[in-house]
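A quick write-up on the structure given underneath.
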Amino acid sequence: MSGIPPYATMPQRVWYYTFRVICGLIFAFLITPVLIVIPLSFNAQDFFTFTPEMLRFDPAGYSLKHYEDFFTSDDWQSALWNSLKIAPMATILSVGFGTLAAIGLSQPHVPFRRAIMAILISPMIVPLIISAAGMYFFYSRIGLQGTYLGVVLAHAALGIPFVIITVTATLVGFDRSLTRAAANMGADPVTTFFKVQMPLILPGVISGGLFAFITSFDEVVVVIFVGSAKQQTLPWQMYIGLREQISPTILAVATILVAISICLLTTVELLRRRSERLRGMSPG
């Protein structure tokens with residue numbers, strides 16, 4: 001049973017509650033800006049602040065006009081469909097390459113595993129502006145700059161580290177005697193992977209895919225460098241709305257993205273718990 005043990009000393013009890021208060025304050029500091037954006041998205045006026053009607057909870061101060069503008073505007077819908085065309089393809093590539101890399105690096109006989117792992121997860125460590133500039137110069141030389149394929153590959157490169165980390169964490173508790181038993185029964189490596197290994201690491205694969213999808217769907221810096229006007233994604237349109245138009249529709253879009261992110265992260269947490277139950281790390 002989790003919680004403070006009954007034999008804890010007074011300093012331990014003080015630290016136990018102090019630590020939770022500090023975590024609560026940090027959480028409130030991080031979540032407050034998001035909670036402010038959500039009611040502002042229902043503002044009946046074209047303002048980025050609370051109107052007197054909203055503060056009085058007057059129904060006249062609230063409206064769905066910004067959401068209506070998002071779903072009826074050609075610019076916003078075009079950006080949305082660009083994101084929906086780019087993010088799934090980038091996710092598929094990230095999951096495919098990331099899963100294979102994680103499985104390969106989990107083998108103890110692979111030389112320079114740590115160095116290879118550091119290189120593969122470097123997009124998470126290197127500042128995004130540096131990665132974007134490097135991709136721009138590289139893609140310009142090979143003719144992928146400003147193309148759909150270039151944006152997909154760039155987003156896949158950013159998503160692969162998340163897949164590698166989640167799948168590697170899942171493989172930590174994987175019983176390798178199962179694959180040896182399948183091989184002894186005459187199964188080839190491909191059959192063993194899809195019939196034995198993949199079902200057990202599937203929660204980690206899906207979790208990594210969800211993180212890769214969120215990364216691609218919310219990314220703006222790389223797509224500005226690598227993409228063109230034809231690949232203008234939803235975050236790019238939001239950036240333009242803040243810089244050039246000051247459009248309150250951004251508040252509605254931000255609220256929608258927050259709701260999507262919450263749903264995806266909830267799914268990730270459920271998959272993590274399912275993975276722990278499958279590996280016997282937590283009670284069912």
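The values are calculated or read from the model by the stated rules, or taken from the named source; none is laboratory data. On a predicted model such as this, the values are computed, not experimentally measured, just so you know. Cβ: placed from backbone, ideal geometry, glycine included. Neighbour counts: every protein chain shown.
How do the pairs read when you match residues in the range 218-235 that are basic (K, R) with residues anywhere that are not in a loop (DSSP other than H, G, I, E, B), using Cβ under 9 Å and keeping only pairs 6 or more apart or on different chains? Sorted first by the residue in the range 218-235, then by its partner, the pairs are K230/N82; K230/Y148.
Taking residues in the range 189-202 that are in contact (Cβ under 8 Å) with a residue 24 or more places away in the chain, and partners anywhere that are not in a helix (DSSP H, G or I), the pairs with Cβ atoms closer than 8 Å and at least 6 places apart or on different chains are Q197/F174; L200/F174; L200/R279; I201/F174. If the condition is being without any contact (Cβ under 8 Å) to a residue 12 or more places away in the chain and of a type outside the set (A, V, I, L, M, F, W, C), then the range 96-122 contributes G96, G104, Q107, P108, H109, P111, R113, R114. With respect to being within 16 Å of the chain's Cα centre (by Cα) and hydroxyl-bearing (S, T, Y), S94 fits the description. Of the residues making up the range 212-223, those that are surrounded by 22 or more Cβ atoms within 10 Å (Cβ to Cβ) and either more than 16 Å from the chain's Cα centre (by Cα) or in a helix (DSSP H, G or I) (or both) are A212, F213, T215, S216, F217, V222, V223.
Of the residues F213, F194, which single one is of a type in the set (F, W, Y) and over 30 Å from I129 (Cα atoms)? Please lay out each step first, then the result.
Details: F213 fails: over 30 Å from I129 (Cα atoms).
Checking each option against the conditions leaves just F194.
Per-residue answers, yes or no, for (1) of a type in the set (A, V, I, L, M); (2) within 20 Å of the chain's Cα centre (by Cα); (3) within 23 Å of P33 (Cβ to Cβ); (4) modelled with pLDDT under 85:
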position: W236; (1), (2), (3), (4): no, yes, yes, no
position: V253; (1), (2), (3), (4): yes, yes, yes, no
position: A259; (1), (2), (3), (4): yes, yes, yes, no
position: L271; (1), (2), (3), (4): yes, yes, no, yes
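From the residues in the range 229-252 that are in contact with a His (Cβ under 9 Å, 6 or more places away or on another chain) and not β-branched (V, I, T), which one is nearest to L40 (Cα to Cα)? Quick ask: steps written out before the conclusion?
At the first step, the residues of the range 229-252 found to be in contact with a His (Cβ under 9 Å, 6 or more places away or on another chain) are 247-252.
Next cut, not β-branched (V, I, T) only: 247-248, 251-252.
Details: S247: 13, P248: 9, L251: 7, A252: 8 Å.
Looking at residues that are in contact with a His (Cβ under 9 Å, 6 or more places away or on another chain) and not β-branched (V, I, T), I get L251.
Here are some conditions: (1) over 30 Å from G227 (Cβ atoms); (2) in contact (Cβ under 8 Å) with a residue 60 or more places away in the chain; (3) among the charged types (D, E, K, R). D58 meets all but one. Which one does it not meet? Going through the list (1) over 30 Å from G227 (Cβ atoms); (2) in contact (Cβ under 8 Å) with a residue 60 or more places away in the chain; (3) among the charged types (D, E, K, R), D58 breaks only (2). On the stretch given as the range 1-45, residues that are part of a helix (DSSP H, G or I) and either in contact with a Phe, Trp or Tyr (Cβ under 6 Å, 6 or more places away or on another chain) or within 20 Å of L257 (Cα to Cα) (or both) total 14. Summed over the range 224-262, the residues that are in contact with a strand residue (DSSP E or B) (Cβ under 9 Å, 6 or more places away or on another chain), surrounded by fewer than 20 Cβ atoms within 10 Å (Cβ to Cβ) and assigned to a helix (DSSP H, G or I) give a count of 0.
Determine, yes or no, whether A182 is crowded, with 16+ Cβ neighbours inside 10 Å, at pLDDT below 85, of a type in the set (A, V, I, L, M) and not in a helix (DSSP H, G or I). So A182 fails the test.
In the list F213, F225, which residue meets the criterion of being within 13 Å of A87 (Cα to Cα) and hydrophobic (A, V, I, L, M, F, W, C)?
Every option except F213 fails the conditions.
Within the set L30, L93, the sole residue that is free of Cβ contacts under 8 Å to residues at least 60 places away in the same chain, aliphatic (A, V, I, L, M) and closer than 30 Å to L234 by Cα turns out to be L30. Of all residues in the range 123-135, none that is under 13 Å from I224 (Cα atoms) has its Cβ atom under 7 Å from the Cβ atom of a residue that is surrounded by fewer than 15 Cβ atoms within 10 Å (Cβ to Cβ), 6 or more apart or on another chain. For the range 46-156, the helices (runs of 4 or more DSSP H) that sit wholly inside it and include 2 or more residues that are surrounded by 15 or more Cβ atoms within 10 Å (Cβ to Cβ) and of a type in the set (S, T, Y) are 74-105, 128-142.
Let's see how each residue does on (1) touching a Phe, Trp or Tyr at 6+ places or on another chain (Cβ under 8 Å); (2) at pLDDT below 90:
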{"site": "Y148", "(1), (2)": "no, no"}
{"site": "V163", "(1), (2)": "yes, no"}
{"site": "F174", "(1), (2)": "no, yes"}
{"site": "M198", "(1), (2)": "no, yes"}
{"site": "E244", "(1), (2)": "no, yes"}
